[in-house]
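Okay, so here's the structure we're looking at.
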Amino acid sequence: MFDRIASGYDKMNHLLSARTDIGWRKKAIRLLKKDHPRQILDIATGTADMAILTCKILEPEKIVGIDISDQMLEIGKKKIEKEQLVAKIQLQHGDSETINFAENTFDAVMVAFGVRNFENLDKGLAEMLRVLKPGGRLLVLEFSKPRHKAIRSLYNLYMTIIAPQVANWFKQNKEAYLYLCESANAFPDRQYFTDILNKLGYSDTQCKPLSLGICCIYTGRKPLE
């Protein structure tokens, strides 16, 4: 599905969110600033938007981005070349549930709008914990369901009807955007998600809602040994 929508993915994201998604990413990335991570893993990197922004804001030694969509990765590689960041960002095919790196490898692991697509959420989160160094930080940016009834009704209208129709007008895969809405609604957000992180062994877990609760930033740490 993501291969099919790869060519218009960035344009549609910015259009449908009125570019709010860029601000969300920047706010999330800045939460890592005080940790000064040098080695970062970006899971479900897609077209590398998060990796590129992170490289510019945090200036780490290296970012590795993994994704199961080869078409997304190809677009991401072209963007990285254009930004002249080839020496710092490496993209490769990879699955969040079987991360091909040794344990205690990364100072930070991040996922932007990807965890809701994990086939096995617990397994993916456990893998991220495994590859984090002790004291390393997890950063997750994901859609959530607004708590205010009126806002939630408008959000559902936009996600279920308006967004897929706009995607259809721009000759994008309407069914794919319907799936994105369904996966966002099914995602165990806020306290449910931090409870999962705690259960798996993360410490210092937090949830920060953004834009009236449309999106949340989640953080957690791998305990020091």
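The values are calculated or read from the model by the stated rules, or taken from the named source; none is laboratory data. It should be emphasised that the depicted structure is a prediction, and the values quoted were computed from it without experimental measurement. Note that we place each Cβ from the backbone using ideal geometry, even for glycine, and neighbour counts take in every protein chain shown.
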- Item | Enumeration of residues in the range 29-65 that are in a helix (DSSP H, G or I), of a type outside the set (Val, Ile, Thr) and over 14 Å from Gly114 (Cα atoms) | Arg30, Lys33, Lys34, Asp35, Leu53, Cys55, Lys56, Leu58
- Message: Residue pairs, Cβ under 6 Å, 6 or more apart or interchain, first in the range 210-222 and in contact (Cβ under 8 Å) with a residue 40 or more places away in the chain, second surrounded by fewer than 21 Cβ atoms within 10 Å (Cβ to Cβ) and among the small types (Gly, Ala, Ser). List them.
- Response: Arg221/Ser203
- Item | Odd one out for Arg190 among (1) surrounded by 14 or more Cβ atoms within 10 Å (Cβ to Cβ); (2) at pLDDT 95 or above; (3) not hydrophobic (A, V, I, L, M, F, W, C) | (2)
- Query: Using beta carbons and a limit of 7 Å, which pairs, at least six apart or on different chains, have the first residue in the range 48-71 and touching a residue at least 60 places away in the same chain (Cβ under 8 Å) and closer than 11 Å to Arg25 by Cβ and the second one buried (at least 18 other Cβ atoms within 10 Å of the Cβ) and of a type in the set (D, E, K, R)?
  - Reply: Asp49/Asp10; Asp49/Arg25; Met50/Arg25; Met50/Asp42
- Applying the selection to the range 38-69, what residues are surrounded by fewer than 23 Cβ atoms within 10 Å (Cβ to Cβ) and of a type outside the set (Val, Ile, Thr)? Arg38, Gln39, Asp49, Leu53, Cys55, Lys56, Leu58, Glu59, Pro60, Glu61, Lys62, Ser69
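Does Arg38 qualify as being in contact with an Asp or Glu (Cβ under 7 Å, 6 or more places away or on another chain) and within 22 Å of Asp189 (Cα to Cα)? First the steps, then the outcome.
On the way: in contact with an Asp or Glu (Cβ under 7 Å, 6 or more places away or on another chain): yes; within 22 Å of Asp189 (Cα to Cα): no.
When the stated conditions are applied, Arg38 does not pass them.
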- Message: Six or more apart or on different chains, Cβ atoms under 7 Å: show the pairs whose first residue is in the range 145-157 and within 9 Å of Gly213 (Cα to Cα) and modelled with pLDDT of 75 or more and whose second is among the β-branched types (Val, Ile, Thr) and surrounded by 11 or more Cβ atoms within 10 Å (Cβ to Cβ).
- Response: Pro146/Ile214
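Residue-wise test of (1) within 13 Å of the chain's Cα centre (by Cα); (2) surrounded by fewer than 22 Cβ atoms within 10 Å (Cβ to Cβ).
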residue	(1), (2)
Gln84	no, yes
Lys88	no, yes
Thr98	no, yes
Val115	yes, no
Phe118	yes, yes
Leu129	no, yes
- Note on the structure: Subset of the range 97-138, residues of a type outside the set (Gly, Ala, Ser), within 18 Å of Glu61 (Cα to Cα) and touching a residue at least 60 places away in the same chain (Cβ under 8 Å), comes to Phe101, Thr105, Phe106, Asp107, Val109, Met110, Val131, Leu132, Lys133, Arg137, Leu138
